[in-house]
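The values are calculated or read from the model by the stated rules, or taken from the named source; none is laboratory data. Everything quoted here is computed from the prediction, not taken from an experiment. Don't worry about glycine lacking a Cβ; one is built from the backbone with ideal geometry, like all the others, and counts go over all protein chains shown. Side chains included, ligands, DNA and RNA excluded: accessible areas come from the protein's heavy atoms. Shrake-Rupley method; radii C 1.70, N 1.55, O 1.52, S 1.80 Å.
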Amino acid sequence: MGRLVAGLADESGFELLGVVSRHHPGGAAMDGSGQDGWYPGLEALPTVPDVLIDFTLPAGLAAAARWCADHGVALVSGTTGLEANQSAALDQAAERIPVLHAPNFSPGVNATLALLRAAVRMLPEVSATHITDVHHVHKKDAPSGTALALAAALAPHQPEIDSRREGEVVGDHRVLLELPGETLALEHHAIDRAIFARGALLAGRWLAGRPAGRYTALDWIAGEDA
Ligand SMILES: NC(=O)c1ccc[n+]([C@@H]2O[C@H](COP(=O)([O-])OP(=O)(O)OC[C@H]3O[C@@H](n4cnc5c(N)ncnc54)[C@H](OP(=O)(O)O)[C@@H]3O)[C@@H](O)[C@H]2O)c1
């Protein structure tokens, strides 16, 4: 994801100040001088950016949140699988900087979240809800962060979540609502991972310069307070 974000930064109107990763993708040792624009840690960046876009693992995100808060950098993160203390690190950072964390930056998924909220409001007779999430076998967390967000959008219903890991599937989600005598299904299929990177970049443009606080993808996409 980091490489996709870096690759799309220019066409999204960003000046890319650096890519941070503990390892260089080519296997070269990193000494902090920024070969190919890659740096081994945030503190090695030559300039403090307006926005940091994070797709790492939860420990990386918690550390990035503290660094962003200390340096006044707006934080967009798509990292999933956060524990309570890692989510608390985002809350703490949001007291000082704008933070937008979303488990899925695809516009289609975020529209699905909005549609589900509306469906739950319109259909009080829903008796059961189910979510299926299918992802590639390399994905570390299950259920997916998107499945958990879909479940939250169905509140107060508590859906069963069936998580499957198959081949190289980018990300498929299916939500089923059962009603007396009928069912309603919504499906989303991610075909190209670039949608997440492009969405995160668009969210970054929207977030930069906003007041400190926690923001969601719905705030960005629909101007809605979630
Ligand atoms: N929200 C969305 O739309 C969306 C879309 C796709 C993926 N994701 C999520 O984004 C995250 C990354 O996905 P990915 O597919 O890019 O995973 P990946 O290929 O495993 O990349 C993870 C990156 O994080 C770096 N990293 C890991 N731990 C770190 C730490 N403690 N400090 C600094 N850097 C660290 C790794 O590099 P080094 O080991 O070299 O540091 C690597 O570059 C996952 O949580 C995934 O579920 C979200």
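Percent relative contact order of the range 107-190, based on C-alpha pairs within less than 8 angstrom and at least six residues apart?
For the range 107-190, the relative contact order is 37 percent.
Keeping the other protein chains in place, figure out the carbon and sulfur percent of the accessible area of the chain, with a 1.4 Å probe.
Within the chain, the accessible surface is 51 percent carbon and sulfur.
Would you tell me the accessible area of Leu8, worked out with a 1.4 angstrom probe on the heavy atoms of the protein chains, in Å² to the nearest 10?
That residue has around 20 Å² of solvent-accessible surface.
Keeping all protein chains in position, work out how much accessible area His23 exposes to a 1.4 Å probe, and write it in Å² to the nearest 10.
Around 130 Å² of this residue is reachable by solvent.
Determine which residues of the range 23-44 fall in the zone a paramagnetic label at Arg3 would reach in this model, i.e. backbone nitrogen under 11 Å from the point 7 Å along Cα→Cβ.
25-27
Might you tell me the accessible area per residue for the chain, computed with a 1.4 Å probe and given in Å²?
I get 51 Å² per residue for the chain.
Within the range 24-115, list the chymotrypsin sites (Phe, Trp or Tyr not before Pro) lying in a DSSP loop whose Cβ has at most 11 other Cβ atoms in a 10 Å radius.
Working: sites: Trp38, Phe55, Trp67, Phe105; in loops: Phe55, Phe105.
Loop-located and lightly packed - none at all.
Working out 0.36 nm times the residue gap between Ala208 and Ala185, then minus their Cα-Cα distance, what length gain in nm do you get to one decimal?
4.7 nm
Counting each DSSP H run of 4 or more residues in the chain as -39500 (n - 2.57), what helix-only mean residue ellipticity at 222 nm follows after dividing by all residues, to the nearest 500 deg cm²/dmol?
-10500 deg cm²/dmol
Can you pull out the GluC sites (Glu not before Pro) in the range 1-90 whose DSSP state is coil and whose Cβ has at most 12 other Cβ atoms within 10 Å?
Here the GluC sites (Glu not before Pro) that fit, given the DSSP loop and packing criteria, are Glu15, Glu83.
At 1.4 Å probe size, what's the solvent-accessible area of Val20? Round to the nearest 10 Å².
50 Å²
Compute the length gained on full extension between Ala152 and His71: take 0.36 nm times their separation in residues and subtract their Cα-Cα distance, giving the result in nm to one decimal.
25.9 nm
Can you tell me what share of the DSSP beta bridges in the chain is antiparallel? A percent to the nearest 5 is fine. All intermediate terms of the calculation are to be shown ahead of the outcome.
Details: 16 of 34 bridges.
So the antiparallel bridges in the chain amount to around 45 percent.
Please turn the phi angles of the range 193-198 into ³J(HN,Hα) values with the Karplus equation 6.51 cos²θ - 1.76 cosθ + 1.60 (θ = phi - 60°), one per residue in order, whole Hz, x for glycine and proline.
Per-residue couplings from phi come out as 4, 4, 4, 5, 5, 5 Hz.
Taking the 0 to 90 degree range and rounding to the nearest ten, how far is the long axis of helix 107-122 tilted relative to the main principal axis of the chain, both from C-alpha atoms?
30 degrees
Given the C-alpha centroids of the range 1-40 and the range 82-161, what is the distance between them in whole angstrom?
If we compute the Cα centre of each part, the gap is 29 Å.
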